[in-house]
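Let me begin by handing over the structure; questions about it come next.
The values are calculated or read from the model by the stated rules, or taken from the named source; none is laboratory data. Keep in mind that this is a model prediction, so the values were computed, not measured. All Cβ positions, glycine included, derive from the backbone under ideal geometry; neighbour counts span all protein chains shown.
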Amino acid sequence: MPTLTLPGTGQPGTNRLRRRRLVVIAVAVLAIVASAGGLRYRNPGQAQDRNWPATPTPAEITTAVADVRCKTQTNLVNTWLTVEAAYQAALISQNLTALARLQASFGRLLSRAETLLRLPSAAGIVRASQGRPGQRRPVINLP
């Protein structure tokens, strides 16, 4: 799970979510269901944290199938996302003014960048930015 620091809390969002009652219950039920299915994981991240080899093994495939089955049976993903969405909605409503300022600022920056990229001298930058992903290309074509 990605780690997100919640503004004003100083704590990672994932850790905060893990402590919410609904998530705690869903993870506990997942551990019970997983145990009944032969998995020995206390939380949903343990299976993915194992040091699996680069090529999936039969054990990893069996674990992945069982993991998805358990998460589906316990509705863990929906529960987790519902709690996370509630946090996000609360954070958005608490920070509407700051978010509106950021949106306006980004709008001005985007407009300025679009104007600059239309200039004839920006043609080399535009061509360089259209390279293939992973391909190293200069940002500016020098004469």
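If you check every pair at least six apart or on different chains, which have Cβ atoms under 8 Å apart with a residue in region 32-49 that is under 19 Å from Asn78 (Cβ atoms) first and a residue that is in a loop (DSSP other than H, G, I, E, B) and among the basic types (Lys, Arg) second?
Between residues of region 32-49 that are under 19 Å from Asn78 (Cβ atoms) and residues that are in a loop (DSSP other than H, G, I, E, B) and among the basic types (Lys, Arg), the close pairs are Ala34/Arg40.
Would you mind stating whether Val65 is in a helix (DSSP H, G or I) and surrounded by 12 or more Cβ atoms within 10 Å (Cβ to Cβ)?
Criteria not met by Val65.
Give the residue, chosen from Leu110, Leu117, that is of a type outside the set (S, T, N, Q), modelled with pLDDT under 85 and not assigned by TED's automatic domain parsing to the domain that holds Ala26. Steps first, please.
Working: Leu110 fails: modelled with pLDDT under 85.
Matching residue, one of Leu110, Leu117: Leu117.
Moving to a separate point now. Looking at Thr97, Thr74, Thr62, Thr82 in this structure, which one is polar (S, T, N, Q), within 30 Å of Ile25 (Cα to Cα), at pLDDT 85 or above and over 24 Å from the mean Cα position of the chain (by Cα)?
So the residue among Thr97, Thr74, Thr62, Thr82 that is polar (S, T, N, Q), within 30 Å of Ile25 (Cα to Cα), at pLDDT 85 or above and over 24 Å from the mean Cα position of the chain (by Cα) is Thr62.
When you go through Glu84, Glu60 one by one, which is the residue that is among the charged types (D, E, K, R), in contact (Cβ under 8 Å) with a residue 60 or more places away in the chain and part of a helix (DSSP H, G or I)?
Unique residue meeting the criteria: Glu84.
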